[in-house]
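To start, the structure itself, in structure tokens.
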Amino acid sequence: MKRALQRLWTFILITFFLLFFGGITYYIIDKIQEKNNLMDIEEYSPRSTLIVPETKLKRSKYPFVDVHNHQFDMPIKDLSKLVEEMDSLNMGFMVNLSGFRGLYLEQSLKNIKESAPTRFGLFLNIDFEKLDDSSFAKEQVELINKAVAQGVIGLKVYKSLGLTDKDKKGNRIAINDPRLDPIWKACGDLNIPVLIHSGEPSSFWEPKDKYNERWLELRQKPGRYRDPEKNPSFEEVLAEQHAVFKKHPNTTFINAHLGWMGNDLDRLGKHLDQYPNVMTEIGAVLAELGRQPKRARQFFIDYQDRILFGKDSYNVSEYYTYFRVLETEDEYFEYYRKRHAHWKIYGLSLPDSVLQKVYYKNALHLFPSIDQSLFKP
């Protein structure tokens, strides 16, 4: 007993001294950094001294449809509060891409029907990892048909297809796997769009060094790095996706996040020219557009019939930056998430006719079931 108490006391003393000297060491290092004006890049947040006009917008100029949103608690959500927030933003209609399937989907549809039947639309989600089942294609087509009959207005495909989804043998499922063809065809036959997110920013495949403009994001979210030795290349993923677009010209695809080509709008323009059945949207890639305002403005004008408004993750205050970029001539202002854009952004000052198409007209054409009276001036 005495020996056990001695060991315990020894452990306490050692722990105390480690904590004490560790604390002293941390304090000294902190003071050295402070004295030498050293800081981490995440701490550095300079305030611009530039004096330029600032246009604070909390409401869009025209009502808009958000075609890329996620409300993961839709089956049980109090939609009245969400509708109030939408009204404050001038959002006429929200597409919740996370409708999933089964009971979850049924309860989501029920909640919408009972609470706000004209303000929300749901997309279906499929489990592609059941691909090896002999009845996979038949069951998925039946699932899509049933969901559309219940009120679903599209199919959402997550980035896991082509990146992490695997078959029963552990092999990666390619986006253009021919066993998926019945799914794309069914959506075309039913005249519902497929919003498909394939790949990620190309920088996620690049070395995590001082030249990588997504270095901060990869530091904060290390799981987003795509080791070229273990993952298909960026170009391989895009090629698989584009092959699906080519093979199914009667199906409308919404290539999410500007197809991860927002940093090369010439390439994105050629992409849209090549595939007339493809549209795109601006969710989570606003910073790409805001840093090239002249080129981006011309792109919106040239492809005004092919671009939809999307936001992705839902946060009321973040919509304000979207309005400011699309509507104003403001210069050199902050994006709302540093790891996505350590650079400043600029307003595009889009013409009203283009704004109307991006905000709601293109979406109304794509989704004829939306109540158009919500968008009357």
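The values are calculated or read from the model by the stated rules, or taken from the named source; none is laboratory data. Since this is a predicted model, take the numbers as computed values, not measurements. Note that each Cβ is placed from the backbone with ideal geometry, even for glycine, and that neighbours are counted across all protein chains shown.
Would you mind stating whether Asn277 is assigned by TED's automatic domain parsing to the domain that holds Asn90 and farther than 23 Å from Phe367 by Cβ? So Asn277 does not fit the description; no. Annotation: Lys156 fulfils all but one of (1) in a helix (DSSP H, G or I); (2) surrounded by 19 or more Cβ atoms within 10 Å (Cβ to Cβ); the unmet one is (1). Given Leu374, Leu364, Leu350, Leu326, which one is closer than 20 Å to Pro293 by Cβ, in a helix (DSSP H, G or I) and aliphatic (A, V, I, L, M)? Of the residues listed, the single one that is closer than 20 Å to Pro293 by Cβ, in a helix (DSSP H, G or I) and aliphatic (A, V, I, L, M) is Leu326.
Anything in segment 263-321 that is of a type in the set (Lys, Arg) and farther than 25 Å from Lys247 by Cβ? List them, or say none.
Residues satisfying the conditions are Arg291, Lys294, Arg295, Arg297, Lys311.
Among the candidates Asp165, Asp209, Asp181, the residue that is under 22 Å from the mean Cα position of the chain (by Cα) and of a type in the set (D, E, K, R) is uniquely Asp165.
Among the residues making up segment 161-180, those that are over 19 Å from Thr280 (Cα atoms) and free of Cβ contacts under 8 Å to residues at least 40 places away in the same chain are Thr164, Asp165, Lys166, Asp167, Lys168, Lys169, Gly170, Asn171, Pro178. Within segment 71-103, the residues that satisfy the criterion of being closer than 12 Å to Gly121 by Cβ and not in a loop (DSSP other than H, G, I, E, B) are Gly92, Phe93, Met94, Val95, Asn96.
Suppose we filter Leu216, Leu143, Leu238, Leu195 for residues that are within 29 Å of Asn263 (Cβ to Cβ), touching a strand residue (DSSP E or B) at 6+ places or on another chain (Cβ under 8 Å) and hydrophobic (A, V, I, L, M, F, W, C); which single one remains? From the options Leu216, Leu143, Leu238, Leu195, the qualifying one is Leu195. Any residue at all in segment 106-115 that is under 22 Å from the mean Cα position of the chain (by Cα), closer than 17 Å to Val152 by Cβ and either buried (at least 22 other Cβ atoms within 10 Å of the Cβ) or assigned by TED's automatic domain parsing to the domain that holds Lys166 (or both)? Yes, because at least one residue in segment 106-115 is under 22 Å from the mean Cα position of the chain (by Cα), closer than 17 Å to Val152 by Cβ and either buried (at least 22 other Cβ atoms within 10 Å of the Cβ) or assigned by TED's automatic domain parsing to the domain that holds Lys166 (or both). For the residues Ala137, Ala149, the requirement of being free of Cβ contacts under 8 Å to residues at least 12 places away in the same chain and over 24 Å from the mean Cα position of the chain (by Cα) singles out Ala149. Note on segment 93-118: residues that are touching a residue at least 24 places away in the same chain (Cβ under 8 Å) and within 23 Å of Val194 (Cβ to Cβ) total 15. Does Gly259 count as modelled with pLDDT of 95 or more, part of a loop (DSSP other than H, G, I, E, B) and under 17 Å from the mean Cα position of the chain (by Cα)? Considered against the rule, which asks whether it is modelled with pLDDT of 95 or more, part of a loop (DSSP other than H, G, I, E, B) and under 17 Å from the mean Cα position of the chain (by Cα), Gly259 comes out as no.
Output the qualifying pairs, or none if there are none: Cβ atoms under 7 angstrom, residues six or more apart or on different chains, first residue in segment 303-322 and in a loop (DSSP other than H, G, I, E, B), second residue crowded, with 18+ Cβ neighbours inside 10 Å and among the polar types (S, T, N, Q). Listed by first residue and then by second, the contacts come to Asp305/Asn362; Arg306/Thr280; Lys311/Asn69; Tyr314/Asn69; Tyr314/Gln71. Go through segment 221-270 and give me each residue that's small (Gly, Ala, Ser) and surrounded by fewer than 22 Cβ atoms within 10 Å (Cβ to Cβ). Residues satisfying the conditions are Gly223, Ser233, Ala239, Ala243, Gly269.
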